[in-house]
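Before any comments, here is the structure.
The values are calculated or read from the model by the stated rules, or taken from the named source; none is laboratory data. From a predicted model like this one, the values you see are computed outputs, not experimental measurements. Positions of Cβ are generated from backbone atoms using ideal geometry, with glycine treated the same way; all protein chains shown enter the neighbour counts. For the accessible areas, the whole protein counts, side chains as well, though only heavy atoms, and no ligand, DNA or RNA atoms are used. Shrake-Rupley method; radii C 1.70, N 1.55, O 1.52, S 1.80 Å.
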Amino acid sequence: MKTISLIGSTGSIGQQTLDVCRKHKICVNALAAKSNVSLLEKQAREFSPETVCIFDEKHYDELKKQLADTNIKVLCGMEGLCRIAGSKKHDLFVNSVVGMVGLLPTLTAIDAGTDIALANKETLVAGGELVMSSAEKKGVRIFPIDSEHSAIFQCLQGNRREQLRKIILTASGGPFFGKKKPELENVTFEQALAHPNWSMGNKITIDSATLMNKGLEFIEAHRLFGVPPENIEIVVNRESVLHSAVEFADHSVIGQLGVPDMKIPIQYALLFPERFECDVKPLSLTDYGTLTFAKPDFETFDCLRACIEAVKRGGAYPCIVNAANEEAVELFLKRKISFLEIGNTVLEALESFGEMPAESYEDIIRAEKAARDLVKQKF
Ligand code: MN3
């Protein structure tokens, strides 16, 4: 029987991860959440982990009080996340927190030699070089929990990595597909939060609307699979049925399809290499009838362009665009900047800094802070 520890357990991916654990009787050694005490308590009572952690320290006393009648150890803050990540009491560390916060726990789990199921994009975007080289040194496997990267990973099984020629990274196009900049000037908060195919947390939903999400995934795909940026093609599949594809040296293309439901990639990462019954609707291609494919609009979606430029430049640039975006999205969610200003801000950050290294954790934190400060100063 498998045992996991899960950080980010009250988010969308976290809750679905626990659905998979419930269905397949996977043990849970530790759970962590940002600030949702009531849901974390409920999860702790159901899964009886040894440890729970609340990231936001101001909720620590409340959680401790709520769980006083149990034997569950209560931790808090980054120290708590890293204690969980570095524990050897699980077979798999599942990281589904949102944002840069996820990087240090990932590095800690790698250091402990634990395989990781990774839903935290920022880990590979900001710390990609460091994370991948440390994982390789330690022989740690990283199982992607993202529909696209899971698709690519699935397509590669049974094939030779060195014969992979190209990645076809699919995108839904987001809620504003087909729109041009003048039509996006007055986009409201509610419009940006309505995604056509996937239901997700606020940050990633906004990132899907700006196509920053696809930009981050482009960077991640480059890191995870070692394919140069010029050999990664983004293709819009409006139905979100083709989750990505790979092309081999013989021009044979293998793709992974399924209904748009994160349970499939989550379960694959948790149970790899096994495939068992999953609680999702089977795919009926004839119900869809047609699958459509289109090129993304790099002119309209500045964030996407910024990410591709950042990964081509290398060094700390991916970290810089990511940090600038995190700040900008927060400002948008507080209704302090407009939708198009998110993209402007990310492009401006990309052009504001000279080359910076991203070889150590300290390098990454330095670049991140510089980018955040730039955005904070501006608004
Ligand atoms: Mn995705």
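So is L211 aliphatic (A, V, I, L, M), under 19 Å from the mean Cα position of the chain (by Cα) and within 24 Å of I337 (Cα to Cα) or not?
Details: aliphatic (A, V, I, L, M): yes; under 19 Å from the mean Cα position of the chain (by Cα): yes; within 24 Å of I337 (Cα to Cα): yes.
Answer is yes for this residue.
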(message) Restricting to the range 174-199, and then to whatever is modelled with pLDDT of 95 or more and open to solvent by less than 60 Å² (accessible area, probe 1.4 Å), can you tell me which residue is nearest to the ligand (Cβ to nearest atom)?
(response) F176
(request) May I ask you to say which residue of P273, P260, P175, P265 is out of contact with any helix residue (DSSP H, G or I) (no Cβ under 8 Å at 6 or more places or on another chain) and either outside any helix (DSSP H, G or I) or not polar (S, T, N, Q) (or both)? (result) P273
(request) Could you tell me which residue of the range 10-37 is surrounded by the fewest Cβ atoms within 10 Å (Cβ to Cβ), considering only residues that are more than 18 Å from G80 (Cα to Cα) and of a type in the set (S, T, N, Q)? (result) Q15
(message) Only one of P296, P357, P318 is out of contact with any Phe, Trp or Tyr (no Cβ under 7 Å at 6 or more places or on another chain) and either acidic (D, E) or at pLDDT below 95 (or both). Can you tell me which?
(response) P357
(message) So in the range 121-142, with the set limited to residues that are within 16 Å of the ligand (Cβ to nearest atom) and more than 17 Å from T108 (Cβ to Cβ), which one is surrounded by the fewest Cβ atoms within 10 Å (Cβ to Cβ)?
(response) K121
(message) Given the condition outside the structural domain of Q15 (by TED's automatic domain parsing) and closer than 24 Å to G201 by Cα, answer yes or no: does some residue in the range 281-294 qualify?
(response) yes
(message) Could you tell me how many of the residues in the range 76-107 are among the aliphatic types (A, V, I, L, M) and free of Cβ contacts under 8 Å to residues at least 40 places away in the same chain?
(response) 1
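Tell me which residues, restricted to the range 161-171, are outside any strand (DSSP E or B) and either at pLDDT 95 or above or crowded, with 22+ Cβ neighbours inside 10 Å (or both).
Going through the range 161-171, the residues outside any strand (DSSP E or B) turn out to be 161-163.
If the condition is that a residue be outside any strand (DSSP E or B) and either at pLDDT 95 or above or crowded, with 22+ Cβ neighbours inside 10 Å (or both), then Q163 is the only one that fits.
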